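The values are calculated or read from the model by the stated rules, or taken from the named source; none is laboratory data. Since this is a predicted model, take the numbers as computed values, not measurements. Here the Cβ positions follow ideal geometry from the backbone for every residue, glycine too, while neighbour counts run over all protein chains shown.
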Amino acid sequence: MISGIVVAALVLPLAPAGSRWWRIADAANGNSNEEFGWREMADAVVRVRDSLSSDDAPVGVFAGDAGQAAAINLYGRGRGLPEVISGSNSHWLRGYGNPPPKTVIAAGFLRADLETVFESCELADHFIIPFGIENSAIGNHTDIFVCRHPREPWHVFWKRTHWFG
């Protein structure tokens, strides 16, 4: 019975988020931290979208991986965000939209990587994961960028923008 209680304390989400007990359970479980930060990421994307002018349309949301794309779709769809585009896994098959975005809100990337694809990328927002938790799926990709002027046509870029992970 005692071993069952110990296992439950480490595996079930019983500990208050960010507490010492939670950190021990997360270290034992390995992915509890991945439950935090998604809503904050989507909120930041919505704030950036709301700050853009009508001249920026059509706007696309470009996510670094399938988890980020799914989270932004989940928390942003009801708030008017377009379907997220991503080169990650099967998200790539959905394409980049028609017409292609003129302006891209990018989440889950480092600025240096985006600057190889777009002529202009500016930091537009940043989000903080609550309780001091570091989501291992988000890592240090907590900046949201606005990017414009792809360096090559979308159909050319998209053929090279497919990754698995």
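Here is a list: Ile133, Ile128. Which entry is among the aliphatic types (A, V, I, L, M), loosely packed, with under 14 Cβ neighbours inside 10 Å and under 30 Å from Trp21 (Cβ atoms)?
On the way: Ile133 fails: loosely packed, with under 14 Cβ neighbours inside 10 Å.
Going through Ile133, Ile128 in turn, the sole match is Ile128.
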Open item on the list: Being at pLDDT below 70 and assigned to a helix (DSSP H, G or I) is the filter here; which residues of segment 5-28 pass it?
Closed with: Ile5, Val6, Val7, Ala8, Ala9, Leu10, Val11
Open item on the list: Take Gly97 and tell me if it is in the same structural domain as Ser136 (by TED's automatic domain parsing), without any contact (Cβ under 8 Å) to a residue 60 or more places away in the chain, assigned to a helix (DSSP H, G or I) and among the small types (Gly, Ala, Ser).
Closed with: no
Open item on the list: Name the single residue that is surrounded by the fewest Cβ atoms within 10 Å (Cβ to Cβ) among those in segment 87-125 being in contact with a His (Cβ under 8 Å, 6 or more places away or on another chain) and aliphatic (A, V, I, L, M).
Closed with: Leu110
Open item on the list: Can you say whether Gly67 is buried (at least 19 other Cβ atoms within 10 Å of the Cβ), in contact (Cβ under 8 Å) with a residue 40 or more places away in the chain and under 17 Å from the mean Cα position of the chain (by Cα), as far as the supplied structure shows?
Closed with: yes
- [ ] Take the residues in segment 136-165 that are touching a residue at least 60 places away in the same chain (Cβ under 8 Å), surrounded by fewer than 16 Cβ atoms within 10 Å (Cβ to Cβ) and part of a loop (DSSP other than H, G, I, E, B), then tell me which one is nearest to the chain's Cα centre (by Cα).
- [x] Ser136
